[in-house]
Amino acid sequence: MAGRNSNVKVVPECRAALERMKYEIAAELGLTMPAHDFSAEASGELGESGARPGSVYGRVQWDAVTTRDAGTVGGLITQRLVRQAEQILGGI
């Protein structure tokens, strides 16, 4: 079933916010490394150059992250997005 991409953003403008959230959660889980520990060209980094220069979250060498940890990051992103939506909708 090649060619199917379920990771299409419904609101493309949210891409930067989701990237920030991903790196925040990775940092909370201890998956980030300081920028000086390996080069920006390291294989497996996500995005153009990993974390943005000056980012407090460091970089994530995604090819070294276990499937379980990557799933945890995704699950926590989903939990936070649901919590935010509940807070917004609860105020209506």
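With respect to LYS22, determine if the residue is under 21 Å from THR78 (Cα atoms), of a type in the set (Lys, Arg) and modelled with pLDDT under 80.
When the stated conditions are applied, LYS22 does not pass them.
Set side by side, the residues GLY54, GLY30, GLY3 differ, and just one is modelled with pLDDT of 85 or more, outside any helix (DSSP H, G or I), on the phi > 0 side of the Ramachandran plot and out of contact with any Leu (no Cβ under 6 Å at 6 or more places or on another chain), which is GLY30. Here VAL60 meets the list (1) within 22 Å of LYS9 (Cβ to Cβ); (2) surrounded by 13 or more Cβ atoms within 10 Å (Cβ to Cβ); (3) at pLDDT 90 or above almost entirely, failing just condition (3). The set of residues in the stretch 60-92 that are assigned to a helix (DSSP H, G or I), aliphatic (A, V, I, L, M) and under 18 Å from ALA27 (Cα atoms) comprises ALA64, ALA70, VAL73, LEU76, ILE77, LEU81.
The values are calculated or read from the model by the stated rules, or taken from the named source; none is laboratory data. What you see is a predicted model, and the numbers here were worked out from it, not measured in a lab. Neighbour counts are summed over all protein chains in view; Cβ atoms, including those assigned to glycine, are modelled from backbone coordinates with ideal geometry.
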